[in-house]
1. Distance cut-off 19 Å, Cα to Cα: go down the list 146/223; 182/330; 66/339 and report the pairs above it.
2. When all C-alpha to C-alpha distances in region 61-199 are sorted into bins of 5 Å, what percent of pairs does each bin hold, rounded to whole numbers?
3. With only alpha-carbon pairs counted, each pair once and no self-pairs, how large is the Kirkwood hydrodynamic radius of region 1-40 in angstroms?
4. Over what distance in Å are the Cα centres of region 1-68 and region 391-459 separated?
5. Largest first and in whole Å, give the semi-axes of region 349-459's equivalent ellipsoid, each being the square root of 5 times a Cα gyration tensor eigenvalue.
6. Positive end of the dipole of the chain, charges at C-beta (+1 Lys, Arg; -1 Asp, Glu), about the Cα centre: which of 454, 300, 14 has its Cα farthest in that direction?
7. What number in nm² do you get for region 1-144 if you take the convex hull of its Cα atoms and divide its surface by four?
8. Per-residue ellipticity at 222 nm for the chain, helices alone: DSSP H runs ≥ 4 residues times -39500 (n - 2.57), over residue total, nearest 500 deg cm²/dmol?
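Nothing in this text is a laboratory measurement; each read-out follows from the coordinates by a stated rule. Remember, it's a predicted structure, so these values are computed and weren't measured experimentally. For neighbour counting, all protein chains shown are included, and Cβ atoms are generated from backbone atoms with ideal geometry for every residue, glycine included.
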Amino acid sequence: MEYGILSIAIPMLTIILAIITKDVIVSLLGGIFLGLMVLHGYNPLVAFTELFNGTITQFSQRWITKTILFSLFVGAVIKLLERSHAVESFVAFLDRYAKKIDSPIGAQILAYTIGVFIFIESSITSLVAGTVAKPLCDRNGVSREKLAYICDSTSAPICSLIPLNAWGALLLGLIVSAIDGKVISGEGVALLIASIPYNFYGLFTLLIVLIVIYKKWEIGPMKEALPCDYHPSKVNSHTKPALMPMLLPILVMVLAVPAGLYITGKGDIFKGSGSTSVYYATIVTLMVMYLYYVISGRLSHRAYFDGFFKGMGEMLPVAAILFFAIFIGKVIGDLGTAKYLAHLLTGSISPILIPMLIFLVASATAFSTGTSWGTFSIMMPIALALAASMHLDIPLVIAAVISGGIFGDHASPISDTTIISSMAAGCDHVAHVRTQLPYALLGGVLAALAFLVTGYLTI
């Protein structure tokens, strides 16, 4: 059945709801309910029952359940790193032994390096980078605004470029959902990896940060940012320096994911199951953390499980977003949104422009809502189906959604990563937004041009 303009109206209303309410879960639920209303003859009672029956059906699919559990387990890992004082021990180690980085450039490179190598989750990336580098930045006359910019610019971009984390689980879930729905064909992991070279905003942002650090390139409000007075940290004097409590869980998780892909792919990492691999990677990591932390005396048995369950609880909103994102993707597919959109665009807009337009729409959505994950959830199903209908390069379109979500989230004053980066660096939030925006806009303009050029070259 053809639903015409209604197939476009449902996802558009979802985006508008997200902008108005700033609540992605409510917006996704609203979009799902309205879509089910259309699919079931505008009967609200049937739509209501299908909403909750569909929820049960979602859980019947193993890969969805494993992906959601993975996101909850990541929350447990983050909380246990906090409860075990692993981050504090890491800071103390660097402060005592890493004297070679005690310079303005060294302090900034430390924050940058931490941001690149700790890619488990964007929030913990910002928190660790800011906490570790703040004393060195203060001691070497680097402004807190500059540190917040470095933390923010190496959190979401690196998590999207090295998706062995919750970001990868969400993106794989959305891609695999489109594959299972026969919207696109291919292997989920292979398509996600193939999109990485096209993630222009992430790549440009990481490059711009390096230029800012080494060339002392300060533009706009960043020129007025002043360093804070240095006050020696009292934490380091009471904390035993140690690397392993912080590094061991990260190394285990990072190595377990490709090992899982290799095993589930029967020797071919590109054919492995992403949901299964990240699911078991977090389980193995949590088991190693239990043995190491309890045996070493960092945590008691009770303290471990208290942190375990509280960490899972704090990740419930993320798991809900992931769950309803997959659900609305199915509803949008049933409505035939992309086919109708492709029919409207064919002959009126050149396919060359589509990747850039997807990037811009995703950017606007993420900026308005303050969430890249919510943007992925809304935009990815539409973009993938549109790409299939118009015979566009699938990895390029995936990257356009990812880049747009990161750019809008990076520039948005209501983004959680923007807020966390301000907190981690200890600077005023408004000052961080003002000083970061010119660099974010530069990266956004370069990314838009790159999508335009690449669209021309691949069509």
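1. 66/339
2. That works out to 2, 10, 17, 17, 16, 13, 10, 7, 5, 3, 1, 0, in percent per bin.
3. That comes to 10.2 Å for region 1-40.
4. The distance from the Cα centre of region 1-68 to that of region 391-459 comes to 27 Å.
5. For region 349-459, the ellipsoid semi-axes come out as 29, 14, 8 Å.
6. 300
7. 13.2 nm²
8. Calculated mean residue ellipticity at 222 nm is -25000 deg cm²/dmol.
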